[in-house]
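Undergrad: Here's a structure for you.
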Amino acid sequence: MVTHPYHTANCPEAKGKVGPTLGILATLAGIIGPFNIIPQIVEIFQTKSIANVSLLTYSIVIAIQVVWLVYALKLSLRPLIISSLVVLVLSGVIIFQFFLYGGLRV
C-alpha cells in the first residue's frame, strides 16, 4: 500500500482503517472545503450588508476551529492544520466585515 505524505495513516486513530484513496480524498476535502466561506465574504463585500450574517455562528466556528487546530498540532496532522488555519482566517474576515459594515459598534 502506497502512503501519501498527508495520508490519514499518519493519524494514530486512522491506522489500518482508511485506505489510500479515502485518505487522499479526505485530505483534499480538508484543504478545499474551508473555501466554502469565500462566497459569503464576497457577498458581504459587494452588498456592504451583514443583515443575514450571524456573529454568533462565526464566533462558534472560530472556537471550534481553535480546538481542531490544537488537536492537529499535537498530532502533527498537516491537512487538518491547514484546514483549520484557513477556516480561522476566513471566519475572521467575516467577523471583521461584521464590524466594518455596522453589525456592532465598539
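The values are calculated or read from the model by the stated rules, or taken from the named source; none is laboratory data. If you're wondering where the values come from, they're calculated on a predicted model, not measured in any experiment. With ideal geometry, Cβ positions are generated from the backbone for all residues, glycine too; neighbour counts draw on all protein chains shown.
This table checks each residue for (1) of a type in the set (Gly, Ala, Ser); (2) surrounded by 14 or more Cβ atoms within 10 Å (Cβ to Cβ); (3) within 17 Å of Gln97 (Cβ to Cβ); (4) out of contact with any helix residue (DSSP H, G or I) (no Cβ under 9 Å at 6 or more places or on another chain).
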{"position": "Val18", "(1), (2), (3), (4)": "no, yes, no, no"}
{"position": "Leu22", "(1), (2), (3), (4)": "no, no, no, no"}
{"position": "Thr27", "(1), (2), (3), (4)": "no, yes, no, no"}
{"position": "Pro39", "(1), (2), (3), (4)": "no, no, yes, yes"}
{"position": "Val42", "(1), (2), (3), (4)": "no, no, yes, yes"}
{"position": "Phe45", "(1), (2), (3), (4)": "no, no, yes, no"}
{"position": "Ala63", "(1), (2), (3), (4)": "yes, no, no, yes"}
{"position": "Val66", "(1), (2), (3), (4)": "no, no, no, no"}
{"position": "Leu73", "(1), (2), (3), (4)": "no, no, no, no"}
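Undergrad: Filter the stretch 75-106 down to residues that are outside any helix (DSSP H, G or I) and surrounded by 15 or more Cβ atoms within 10 Å (Cβ to Cβ), then give me how many there are.
TA: Applying the first criterion (outside any helix (DSSP H, G or I)) to the stretch 75-106 yields 76-77, 101-106.
Checking the rest, the ones that are also surrounded by 15 or more Cβ atoms within 10 Å (Cβ to Cβ) come to 77, 101, 103.
Final tally of qualifying residues: 3.
Undergrad: Pairs, please: C-beta under 9 Å, at least 6 apart or cross-chain, first residue among the charged types (D, E, K, R) and in the stretch 71-86, second at pLDDT below 90?
TA: Arg78/Pro5; Arg78/Tyr6; Arg78/Asn10; Arg78/Thr27
Undergrad: Anything in the stretch 47-56 that is more than 14 Å from Leu100 (Cβ to Cβ) and surrounded by 11 or more Cβ atoms within 10 Å (Cβ to Cβ)? List them, or say none.
TA: Passing the criteria: only Ser54.
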